[in-house]
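Colleague: Sharing a structure, written as structure tokens. Questions coming.
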Amino acid sequence: MALTQRRYKLMSDFAAVHRFLTDIYSLDTLNSYLLPPFFEYAHTHPMFNHKLTHRFGLWEDDGNVVGLACYEMDVGEVFLVTDEKHAYLLVEMVNYAEKELSSLANNQRTLAVWITDKESDKISLLEGMNYTKVHTEAVRIFPYNKPFLAHPLPDGFSVLSLEDENDLTKINDCLWKGFNHGDDPDDDIDCRLLMQSGPNFRKDLTTIIKAPTGEYACFAGMWFDEKNRYAYLEPLATVPAYRRRGLAAIALTEAMKKTKALEASYCFGGAGEFYAGIGFELIGHRQLWKKQLD
């Protein structure tokens, strides 16, 4: 067997890396939370730094991906994942990431590594390499063997999918306001087209709640890992003027019902207490470990 290491090629390597992440997925370790839909969604996000993806490191055994070092949006915070057989590569991968994927600010280079509290081997490794845990957040899923809560739709509102209606300007307005960027959305409609460009993006699983005024009040994107039978929520946003009416819970529940019909077993949600309030269950924590480099 020939083990090699090289740089990621955005145009030609995405599909192979996505398959690798799908193949090694385990609910026990969560791949450091580098889920395949998470990886794909990042690639279609307008804030994703496409120009530096050549800094991603790929390790291959006889041409098959066995290890990956990458960021979510930009350098400075990274994920390091291998298949079980090649976990011994992690020290080499940390050293690679410190060189290629660290960030520089105020003449100080730093690197932060995302893992989960289920990965004791990585925790020990990072402790031994003088990393410090600086952040922890919840990981929650909604198991589909439990009933969905009923959330009444307010009068005048309607539930749609992107197959029913796909107004990019209204989507842009909803996400801009819903993520608290202010009351005056930009006109970057191309970024909304980009976010629908992923090979596994599903218009039918994306749920919109339309207000009586005709504007989009809430937007819930949903991804489905067909092999591993789980759903992944991203993004979820409600326009501030329409909050506290249960719209996010309605949109999310509608999207989860669609993936349950596709034989998904559970759905990943966010870290906030909103998810716990509608039935999501805590299964672990993500951790961020950081180091100032010489």
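Just so you know, all these numbers are worked out from the coordinates, no wet-lab data involved. Keep in mind the model is a prediction, meaning the values are calculated, not measured. Counting neighbours? That spans all protein chains shown, and the Cβs are built from the backbone with ideal geometry, glycine included.
Colleague: Cross-link partners among aspartates and glutamates for residue 146, C-alpha distance below 12 Å, same-chain residues fewer than 8 apart left out?
Modeller: 281
Colleague: First check a/c for segment 1-123, with a ≥ b ≥ c the square roots of the eigenvalues of its C-alpha gyration tensor; if it is under 1.5, answer rounded, and if not, answer prolate when a/b is larger than b/c or oblate otherwise.
Modeller: Verdict is rounded for segment 1-123.
Colleague: Then there is this: What residues qualify as long-range amide H neighbours of residue 161, i.e. H under 5 Å apart, gap of 5 or more or another chain, H built at 1.01 Å from N?
Modeller: Long-range HN contacts for residue 161: 208.
Colleague: Any chance you could run the full-extension gain for residue 226 through residue 187? It's 0.36 nm times the residue separation minus the Cα-Cα distance, nm to one decimal.
Modeller: Here the answer is 10.6 nm.
Colleague: Here is a follow-up. Taking segment 158-264 on its own, what percent of its Cα-Cα pair distances exceed 16 Å?
Modeller: 55
Colleague: For the Cα atoms of the chain, what angle does the longest principal axis make with the long axis of helix 90-100, in degrees from 0 to 90, nearest 10?
Modeller: 80
Colleague: Now a separate question. Could you tell me the relative contact order of segment 180-242? Use alpha-carbon pairs under 8 Å, at least six residues apart, and round to a whole percent.
Modeller: Rounded, it is 23 percent for segment 180-242.
Colleague: Round to the nearest 10 and give me the degree value, 0 to 90, for the angle of helix 168-178's Cα axis relative to the longest principal axis of the chain.
Modeller: Once rounded, the angle reads 80 degrees.
Colleague: Which FRET efficiency value, to the nearest 0.05, do you get for residue 83 and residue 168 by plugging their Cβ-Cβ distance into 1/(1 + (r/R0)^6) with R0 = 41 Å?
Modeller: 0.55
Colleague: Let me ask you something else. Which loop-located chymotrypsin sites (Phe, Trp or Tyr not before Pro) does segment 121-155 contain, where loop means any DSSP state but H, G, I, E or B and the Cβ has at most 16 other Cβ atoms within 10 Å? Spell out each step's value before the answer.
Modeller: Details: sites: 131, 144, 148; in loops: 131, 144, 148.
Answer by residue number: 148.
Colleague: Label segment 219-294 by shape, choosing from rounded, prolate and oblate, from the square roots a ≥ b ≥ c of the eigenvalues of the Cα gyration tensor; if a/c is under 1.5 it is rounded, and otherwise prolate applies when a/b is larger than b/c, oblate when it is not. The partial results should precede the final answer.
Modeller: Details: a/c = 2.11, a/b = 1.27, b/c = 1.66.
The shape class here is oblate.
Colleague: I want to make sure I understand the PRE zone here: with the label point 7 angstrom from the Cα of residue 27 toward its beta carbon, which residues in segment 123-140 have backbone N atoms less than 13 Å away?
Modeller: 140
Colleague: Which cross-chain or sequence-distant (5 or more) residues have an amide H under 5 Å from the amide H of residue 78, H modelled 1.01 Å from N in plane?
Modeller: 112, 113, 114
Colleague: Mind ranking 6-14, 225-233, 109-117 by how tightly packed they are, going by the mean number of other C-beta atoms within 10 angstrom, highest first?
Modeller: Details: 6-14: 13.3, 225-233: 17.7, 109-117: 20.2.
For the peptides 6-14, 225-233, 109-117, the packing ranking is 109-117, 225-233, 6-14.
Colleague: Still on this structure, I have one more. Semi-axes of the equivalent ellipsoid for the chain, please: Cα gyration tensor eigenvalues, times 5, square-rooted, ordered largest first, whole Å.
Modeller: 35, 21, 19
Colleague: Tilt of helix 10-24 relative to the longest C-alpha principal axis of the chain, in degrees (0 to 90, nearest 10)?
Modeller: Approximately 90 degrees, to the nearest ten.
Colleague: Using R₀ = 25 Å, calculate the FRET efficiency as 1/(1 + (r/R₀)^6) where r is the Cβ-Cβ separation of residue 276 and residue 200; round to 0.05.
Modeller: So the FRET efficiency works out to roughly 0.35.
Colleague: Here's something else I'd like to know. Among 191, 259, 178, which residue has its Cα furthest toward the positive end of the charge dipole of segment 158-264, with +1 on Lys/Arg Cβ and -1 on Asp/Glu Cβ?
Modeller: Selected residue: 259.
Colleague: A further question on this structure: Given R₀ = 51 Å, what would the calculated FRET efficiency be for residue 61 paired with residue 155, taking r from the Cβ atoms and rounding to 0.05?
Modeller: Given R0 = 51 Å and the Cβ-Cβ separation, E is 0.30.
Colleague: A further question on this structure: Using Cα-Cα distances under 8 Å and only pairs 6 or more residues apart, what relative contact order does the chain have, in percent?
Modeller: Once divided by the residue count of the chain, the mean separation gives 22 percent.
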